[in-house]
1. For the list (1) surrounded by fewer than 20 Cβ atoms within 10 Å (Cβ to Cβ); (2) farther than 23 Å from residue 194 by Cα, I need the number of the one condition that residue 292 fails.
2. So residue 254 fits all but one of (1) assigned to a helix (DSSP H, G or I); (2) touching a residue at least 24 places away in the same chain (Cβ under 8 Å); (3) more than 16 Å from the chain's Cα centre (by Cα); what number is the exception?
3. Please determine whether any residue of the stretch 258-281 is among the polar types (S, T, N, Q) and under 18 Å from residue 87 (Cα atoms).
4. Suppose we filter the stretch 62-98 for residues that are in contact (Cβ under 8 Å) with a residue 12 or more places away in the chain, among the polar types (S, T, N, Q) and within 30 Å of residue 173 (Cα to Cα); how many remain?
5. Would you check if there is a residue in the stretch 187-197 being crowded, with 19+ Cβ neighbours inside 10 Å and either within 15 Å of the chain's Cα centre (by Cα) or not assigned by TED's automatic domain parsing to the domain that holds residue 297 (or both)?
6. For residue 128, are the conditions met, namely being β-branched (Val, Ile, Thr), modelled with pLDDT under 95 and either part of a helix (DSSP H, G or I) or touching a helix residue (DSSP H, G or I) at 6+ places or on another chain (Cβ under 6 Å) (or both)?
7. Considering 231, 226, which residue is surrounded by fewer than 22 Cβ atoms within 10 Å (Cβ to Cβ) and either in a helix (DSSP H, G or I) or not acidic (Asp, Glu) (or both)?
8. Going by the conditions given, is residue 229 among the polar types (S, T, N, Q) and in contact (Cβ under 8 Å) with a residue 40 or more places away in the chain?
Amino acid sequence: MTSSASNPPKPAPGAPTAPAPDPTAADPGGDTGEKKSRAGRNLPLAIGVGLGMGAVVLVSLLTVRQAWIGVVAVCAVIGTWELFGALHRAAGIRLSRVPVLVGGQAMIWLAWPFGTEGILGGLMVTVIGCFLWRMRLGAGGFVRDVGASMLVLCWVPLFMAFGTMLVVPPDGAARVLTFLIVVICSDTGGYALGALIGKHPMAPKVSPKKSWEGFAGSIILGSTGACLSIAFLLGDHWWWGLVVGPLLVGTAVTGDLVESLVKRDLGIKDMGSVLPGHGGLMERLDSLCTSAPVAWLLLYLLVPIHG
């Protein structure tokens, strides 16, 4: 059955036609609405909320570093719930909410004592749980619903579990800070240079505001942040930042573009509204989620652990 919204009735001959919609007036991928800044946000409010989130992270890392796991776990629940809501409201997808929420938490908390084996074990059990949970509703839409559940499971709790892995070593607080600094520098450099001189669209069909000039700003500032963090926080050779920086910038930008694609596909502006000035928490987690496993792997391979 096709809704009237997707197939509106044709106007009668000779009737006046409505003007064509302005494609710049509404951007379901997040670049719409009344502009309060070039980002479309209340910039002072967004900065204030961002500083508050940064303070929570710093306190957790600089006091008892294991508290970082709690921060990751809470963010994973909120991000997962936002994706559940967006997918269900916009597309009617029936997700395996309980298995993904419970299994996602299991992966994050098992990463500390059991490492990658704990993450893999939690993932396997959760996938089977998603199959069984959705099976009770019958065959209609099974592939779509389970596929969406797998997307949420891997995108948020699985990737974020590697954020837990970053903090496990004795110098884990410095590793987490290095990861966060590079991603934040990437976002900041991309926004600043893109807003100042951005003219050449990077992915116009995905995010019209992304420019190659902004990407260059992300590479420059992200690599600078990586070099300084590895040298002064981790006490290793600064030039490793020339490897870590560009690779993490690439994964951060990929995460941002993926979220833009999902929102465009669903026809929504934000994943949620939990953060004033930002939208949903996923608006802040998108680049961090995709960068966490790469940050863990690169720092594990390149930078020796210092006790």
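1. Going through the list (1) surrounded by fewer than 20 Cβ atoms within 10 Å (Cβ to Cβ); (2) farther than 23 Å from residue 194 by Cα, residue 292 breaks only (1).
2. (3)
3. yes
4. Qualifying residue count for the region: 2.
5. Yes, that holds for at least one residue.
6. No: the conditions fail for residue 128.
7. Matching residue, one of 231, 226: 231.
8. yes
The values are calculated or read from the model by the stated rules, or taken from the named source; none is laboratory data. Nothing here was measured: the structure is a model prediction, and the numbers come from that model. Positions of Cβ are backbone-derived with ideal geometry, glycine not excepted, and every protein chain shown enters the neighbour counts.
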